[in-house]
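Colleague: This is the structure, below, for whatever I ask next.
Values in this text are rule-based calculations from the coordinates and carry no lab data. Nothing here was measured: the structure is a model prediction, and the numbers come from that model. Cβ placement follows ideal geometry from the backbone for every residue including glycine, while neighbour counts extend to all protein chains displayed.
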Amino acid sequence: MHPNPAFRNEACARHIDFARERAFGVLAVSTQEAPLLSHVPFLLSEDAGWADLHLVRSNPIVRALKQPQSVRIAVSGPDGYISPDWYGVDDQVPTWNYVAVHLTGVLEMRPVEELRGLLDRQAADFENRLLPKPPWLASKMTPDALDRMMRMIVPCRLTVSDIDGTWKLNQNKPDVARQRAADHVQSAGIGAEVGTLASLMREAKI
């Protein structure tokens, strides 16, 4: 997380809403060598006390889960390069704006009997966002094919102990300078989801 408190003033509820809506992040597990990383969709509970996910059995993180592990899921949002020329203010330097939320806690494997329910809930969560498309259901698969797929993955649960976030949106700049930069991000930005980033910059307050 960025140390500047100007970028860390958002309420925890906003972090939670962002993570729940995004529902995808980078799972990081420490090892004696390089950290183990896996890109995972997840479901965050109503109270944000836990997040359910599944991993492929061959994933090295699964082997590490013989014992519960302290982990973090980094959930990234829009991001983009900010040119100092865009502020209309002297003596500025280049920077990168972004939104990121971290879910920290203990990850453990869950009983295999919970896997089907997890998969159904995950599919429903995403499919319901595609309405009016009729939702995909696991029942559309033949039982043998579904069984083969399910044998390849394991259910896991992260018990969340901390939620932290950075919303780096030029809150440390004068309003006029931030608005100018947002306009340039909108029209010629470099990054991901620059339109959304520009909107967040325009709304940002210290």
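Colleague: Report, by residue number, each residue of the range 78-88 that is in contact with a helix residue (DSSP H, G or I) (Cβ under 6 Å, 6 or more places away or on another chain) and loosely packed, with under 14 Cβ neighbours inside 10 Å. If you could, list the steps in order and put the result at the bottom.
Modeller: Just the residues of the range 78-88 that are in contact with a helix residue (DSSP H, G or I) (Cβ under 6 Å, 6 or more places away or on another chain), to begin with: 78, 80, 82, 86-88.
Result: 88, single match.
Here's the yes/no breakdown for (1) under 25 Å from residue 45 (Cβ atoms); (2) in contact with a Gly (Cβ under 6 Å, 6 or more places away or on another chain):
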site: 110; (1), (2): yes, no
site: 130; (1), (2): yes, no
site: 189; (1), (2): no, yes
site: 193; (1), (2): no, no
site: 202; (1), (2): no, no
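Colleague: Which condition from (1) surrounded by fewer than 18 Cβ atoms within 10 Å (Cβ to Cβ); (2) closer than 27 Å to residue 109 by Cβ; (3) touching a residue at least 60 places away in the same chain (Cβ under 8 Å) is the one that residue 27 breaks?
Modeller: Against the list (1) surrounded by fewer than 18 Cβ atoms within 10 Å (Cβ to Cβ); (2) closer than 27 Å to residue 109 by Cβ; (3) touching a residue at least 60 places away in the same chain (Cβ under 8 Å), residue 27 comes up short only on (1).
Colleague: Quick one: residue 142 ticks every box in (1) among the β-branched types (Val, Ile, Thr); (2) buried (at least 19 other Cβ atoms within 10 Å of the Cβ); (3) out of contact with any helix residue (DSSP H, G or I) (no Cβ under 8 Å at 6 or more places or on another chain) except a single one, so which number is it?
Modeller: Residue 142 satisfies all of (1) among the β-branched types (Val, Ile, Thr); (2) buried (at least 19 other Cβ atoms within 10 Å of the Cβ); (3) out of contact with any helix residue (DSSP H, G or I) (no Cβ under 8 Å at 6 or more places or on another chain) except (2).
Colleague: Among the residues of the range 108-121, is there at least one that is more than 21 Å from the chain's Cα centre (by Cα) and either closer than 30 Å to residue 189 by Cα or part of a loop (DSSP other than H, G, I, E, B) (or both)?
Modeller: yes
Colleague: So, one more: Do you know which of the residues in the range 154-186 that are of a type in the set (Asp, Glu) and assigned to a strand (DSSP E or B) is farthest from the chain's Cα centre (by Cα)?
Modeller: 162
Colleague: So residue 107 clears everything in (1) exposed (fewer than 14 other Cβ atoms within 10 Å of the Cβ); (2) within 22 Å of residue 68 (Cβ to Cβ) except one condition, right? Which one?
Modeller: (1)
Colleague: Okay, moving on. Restricting attention to the range 164-193, which residues are within 30 Å of residue 123 (Cβ to Cβ) and surrounded by 19 or more Cβ atoms within 10 Å (Cβ to Cβ)?
Modeller: Listed by number, the list holds a single entry, 165.
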